[in-house]
Amino acid sequence: MPSPTVAGMGDTFQTLVDRDATPEDAPRLARPLVDWLVAEGIVLADAEPGWALSEHPAHPPGPHWHKAVENARWGSPEGVVVHTERHVFWSNHHDSDAPAAHCPRCATAVADHSLFSAEVDRWHGTGEGAVDCPACGVTVPIPAWNWSDDHMAFAVLGLEFWNWPWLSEAFRARISEFWPGHRTVFLAGKI
Ligand SMILES: [Zn+2]
């Protein structure tokens, strides 16, 4: 049963992504985090299919899932998917109508997303993919572009919470502590 707050609003997701994990690091960085979530009772240990709107198995919510959220009153959370392989993370929960990619070298905003699509596919398939900045000309790998509103993230490590009430600031900060020195982005949306 959908909870009253999401009835008629579709399904929501909130994703925390480590932008700097390498493919080799991702499983090693994910394991202690999942262990902590299980120890806190926020998720159950075994990921199962059918707990997320995703082909990926997901950890069902644990008995203390409410510790992760701002207001548990209407909550009816579903699963948490732990991604440890290349994934295109996205969001649609932001104020701006036209999120842009920003060159990490010159900060120029590139609003034409069509420049990216073929190279994003190539990155997803092979781990290689880059777009030349139209302003400064430098060749920027797909994951290195900075997206306004955290609109996109191309990364190998992320936690995707399906239909959870809004995750608290404190909880999100605690997750980031498992990825010291790395950039964490928060992407939310609904489908
Ligand atoms: Zn540039």
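Table for the structure above
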| quantity | calculated |
| --- | --- |
| Cα gyration tensor category, rounded, prolate or oblate, for the chain with a/c compared to 1.5 | prolate |
| Dipole magnitude of the chain, debye to nearest 20 (Cβ charges: Lys/Arg +1, Asp/Glu -1, about Cα centre) | 320 |
| Förster radius 35 Å - calculated FRET efficiency between ALA109 and ASP25 (Cβ-Cβ, nearest 0.05) | 0.70 |
| Selected from ALA39, ALA144, ALA21 as most flexible by GNM, with the chain as the system and alpha-carbon contacts under 10 Å | ALA39 |
| Cα centroid separation - the stretch 76-109 against the stretch 147-191, whole Å | 9 |
| Point-charge dipole on Cβ atoms (K/R +1, D/E -1) for the stretch 101-149, about Cα centre, debye to 20 | 120 |
| Among GLU24, GLU48, GLU85: highest mean-square fluctuation, GNM of the chain, C-alpha pairs under 10 Å | GLU24 |
| Solvent-accessible area, 1.4 Å probe, carbon plus sulfur percent, for the chain | 53 |
| Heavy-atom surface of the stretch 101-149, accessible at 1.4 Å and reported per residue (Å²) | 53 |
| GLU85 paired with ALA173, simple spin-label distance in nm, labels 7 Å along Cα-to-beta-carbon | 3.6 |
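The values are calculated or read from the model by the stated rules, or taken from the named source; none is laboratory data. Because the structure is predicted, anything quoted here is derived from the model rather than measured. Neighbour counts are summed over all protein chains in view; Cβ atoms, including those assigned to glycine, are modelled from backbone coordinates with ideal geometry. Note: areas computed on protein heavy atoms with side chains; ligands, DNA, RNA excluded. Shrake-Rupley method; radii C 1.70, N 1.55, O 1.52, S 1.80 Å.
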